[in-house]
Structure formats: structure tokens, C-alpha cells
């Protein structure tokens, strides 16, 4: 009985519009029942076929949804941002008319707005699929290629003080986390803090260089496993950060590192490398590996901080269980490693790509393919099948081409060895005498 009284009391405190939208009659399509999911800034009404996301009329330091016009504008922004990577999932912004006690979705004039989406089962989320062992390397490779193409098609930004902003964000993680940890975990956090501070001087010019080269774009901004779903036989990203442009206008390497880190935190570093290797092969941004450890550690602590804040409402033990995998991932990322470079060579079509594909996950490696870099140097589509450009291939193998291509590969190799990243290199065997040899670092 006390439990029922508490339930009635909780329902009584619920806003009347929210309670009314739990009724099937509020919708303009057949609905048998409505479930409600709630976050600190929104309600999501799950009707079976569709989900309706309504923003709460709240104002926090990081978000202002306090007026109807602002909520409408941010609904439109959410639709714009998410349709870039999940056009079939985000269907539109719909008005909610009528009155608070008897609302009607689709009616006007609007007393509220909602983002209308296709509903999907919870077990389609990638965090659930990883836990179930249902997430494949093939799916992540395909998404890595799509994400690289997406990033490549975005307008470059010109951020101010990119390095200072990135370093300040990394430092803030330690402040936000410390109050949630025990003494032993605080000592581990101090080690991570020291690692971060020791690298600030070297990271700052690299970040500024990447900003100058146009590597900052308007990204998704929150690309972890819980915001990815298996839908229509592919991975789709949803729930991009619409309320803070600063959190999504970032280095593309920071975005890619978020998903790679989360896969590692979920015990699948092999899948992290499959994703990263496909991302880098498609986009060619191998310079990202210079800053990747910094971003991986940063993203690990971001996720630990978010989990800590959510866990504050649960028991202390449950909270530590949620934070632990991300602290473990951060420690693993900053641990010293002995770098390894593996080079394969052989005649075209002899199976180098096939063999090294199986090694990426097994060795936790990133692969560089000479055939793709050769095409990239000449502005060709790296996804074009080699057999379709046989005539161009013969030209590209000419003696004047190889030095430029090999210089690029050797530069990648030296960079990877400095950063302690295992790298696979694939080169076709070239029979002309006098071929340039890789330079020593």
C-alpha cells in the first residue's frame, strides 16, 4: 500500500501535458499504449511505431529551453543535425495543439513541439549489441567509412583558441570526477591527470595545426555506443548534440576517438581498431593518430564523468560499477607500449589486403594501404576498385610516382612508431631495380 501511495503522489507531480500525452487518444495514428522515457532535459513518448521527443521547459547553464519558441528552434536544429547521419530515423518536427489536458499531436496552434522519430527496439542500440555479441567488424568498418565520408563532406571551421579549449575541457574532467571516487581511484585519477598535463605542451601545437588544416567540423558531438543503433541493416547515429554548438564543433579525430574508446571500454579493442582503420583508410587523416591517445583518454574521462553524475542517484556500489570500465580504459590508453611496424609486400592480387584485414583486430592495429594512398595522392576515389582503373594504375606505378607515395607511407610509419601505435603496411611488390627504401626514423 505505501508503494501505491508513493506512485500516485509521483503521478500527481507530473506536468498535466506529459500525463495527457501518455493517453493513446493524443496521437493521430493507432496507438495501443504509450511508454515514457525521461532525461534531465526531455521526455520521449514511445507509441510503438513512432517516438516523440518533447523538450522540457528548463534553463540550465548549458541549455535554455525556457520558451516555446526556443524549444521549437532546438527541435528544428535537432532534426537538421540528426538527418545528416540518420535521415530515415528522424521524420520531422510536429506541433502539439489542443490544450494541456487534451492535447493532440499534429494540431495547431501549437502549445508544444516534438521531434517525431521511428521507434526502434532497445536491443538495437549498439551498447546492447556489443553486450550480446551481435556487433560485427563488418558493420563497424562500414560505419567507419561512412563517418569518414561524412566528416570529409562537412564545411571546415576556424575555431579560436582550439588547443586552449581542448586542454581546458580535458582538465575539467578531473574536477568533475574527483568528488565521486574513492581514495584508490583518486590516486589513479591523479596518474591520469599527470599524464594529461605532461602532454599539454606537445598536444597544443598539434591541435592548432589540425584546426588550421580544417580538421574542425560540425560533428555529431556525442558519438558513443548508446547513441548508435542497428537499423535498416546499418549503423545509424542519433541524438546529436543540438543544444551546444561548442560540443559538436570539434576535431574530427575527437569524434572518431569517442566511439573507438567506448568499444574499448566495452571490452572490444579489436572492434575499435576495425572501426578506426576503416575510418582512416577512407578519409586519409592518418595525422589524427598523433592526437588520438590524448582524445581517447579525454573521451574515457568524459564518459566516466557522465556515468558518475547519473550514478549519483543510485547506490555507491552501482555508481562505481558504471564508472570502472571507463577508468580502466583510460589507464589502458595511457599505459606505455612497445610500437610495432609490420610491412607486407607482394604482387598485386596476391592477397595482402585480405591477410592484413584479419590482422587488424587480432593485433589491435591500424593499417595503411599503399594502393589507396597512391590513389589519394592523385585525387582519385580511394574506394574505386583497382581493376576498374587498370590503365591509370600502370601510369601511377611509374618511377616518378613511387617516391612521392613511399615518402607518404614512410612518414606515416615514423609517426606511428613515435606514438606507440601498431601499424600494418601493405605495398605491392615492384620489380624495377633501384626502388627507394624506407628511411630510418
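The values are calculated or read from the model by the stated rules, or taken from the named source; none is laboratory data. None of these values were measured; they are calculated from a predicted model. Ideal geometry is used to build each Cβ from the backbone, glycine not excepted, and the neighbour counts take in all protein chains shown.
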### Task
Pick out the one residue from 260, 256 that is buried (at least 24 other Cβ atoms within 10 Å of the Cβ), touching a residue at least 40 places away in the same chain (Cβ under 8 Å) and in contact with a helix residue (DSSP H, G or I) (Cβ under 9 Å, 6 or more places away or on another chain).
256
#### Entry: Failed item, numbered, when residue 147 is tested on (1) under 21 Å from the mean Cα position of the chain (by Cα); (2) outside the structural domain of residue 195 (by TED's automatic domain parsing)
(2)
### Query
Is it true that residue 137 is buried (at least 16 other Cβ atoms within 10 Å of the Cβ) and assigned by TED's automatic domain parsing to the domain that holds residue 324?
yes
### Message
So residue 304 passes all but one of these: (1) within 28 Å of residue 145 (Cβ to Cβ); (2) assigned to a helix (DSSP H, G or I). Which condition number does it fail?
### Response
(1)
## Note on the structure
Residue set 157, 181, 177, 228; condition more than 25 Å from residue 264 (Cβ to Cβ), in contact (Cβ under 8 Å) with a residue 24 or more places away in the chain and assigned by TED's automatic domain parsing to the domain that holds residue 295; output residue 157
### Query
Quick one: would you say residue 168 is more than 19 Å from the chain's Cα centre (by Cα), more than 19 Å from residue 51 (Cα to Cα) and surrounded by fewer than 18 Cβ atoms within 10 Å (Cβ to Cβ)?
yes
### Message
Consider the range 309-335. How many of its residues are over 14 Å from residue 195 (Cα atoms) and either at pLDDT below 85 or not in a helix (DSSP H, G or I) (or both)?
### Response
14
### Task
Just need a number here: residues in the range 236-253 that are in contact with a helix residue (DSSP H, G or I) (Cβ under 7 Å, 6 or more places away or on another chain) and within 19 Å of residue 271 (Cβ to Cβ).
2
### Message
It is to be established whether one or more residues within the range 101-117 are over 19 Å from residue 228 (Cβ atoms) and out of contact with any strand residue (DSSP E or B) (no Cβ under 7 Å at 6 or more places or on another chain).
### Response
yes
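So that you can scan it fast, the table gives a plain yes or no per residue for (1) under 8 Å from the mean Cα position of the chain (by Cα); (2) not in a helix (DSSP H, G or I):
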| residue | (1), (2) |
| --- | --- |
| 217 | no, yes |
| 235 | no, yes |
| 240 | no, yes |
| 256 | yes, no |
| 262 | no, no |
| 271 | no, no |
### Query
Restricting the first residue to the range 28-47 and requiring it to be assigned by TED's automatic domain parsing to the domain that holds residue 103 and at pLDDT 95 or above, which pairs with a second residue that is exposed (fewer than 12 other Cβ atoms within 10 Å of the Cβ) and outside any loop (DSSP other than H, G, I, E, B) meet a Cβ separation below 8 Å and a spacing of at least six or different chains?
44/38
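Could you please find all residues in the range 23-57 being closer than 17 Å to residue 111 by Cβ, outside any strand (DSSP E or B) and out of contact with any helix residue (DSSP H, G or I) (no Cβ under 9 Å at 6 or more places or on another chain)?
Initially, the range 23-57 is screened for residues closer than 17 Å to residue 111 by Cβ, giving 23, 25-28, 42-43, 45, 52-57.
Going one step further and asking which of them are outside any strand (DSSP E or B), we end up with 23, 25-28, 56-57.
Residues satisfying the conditions are 23, 25, 28.
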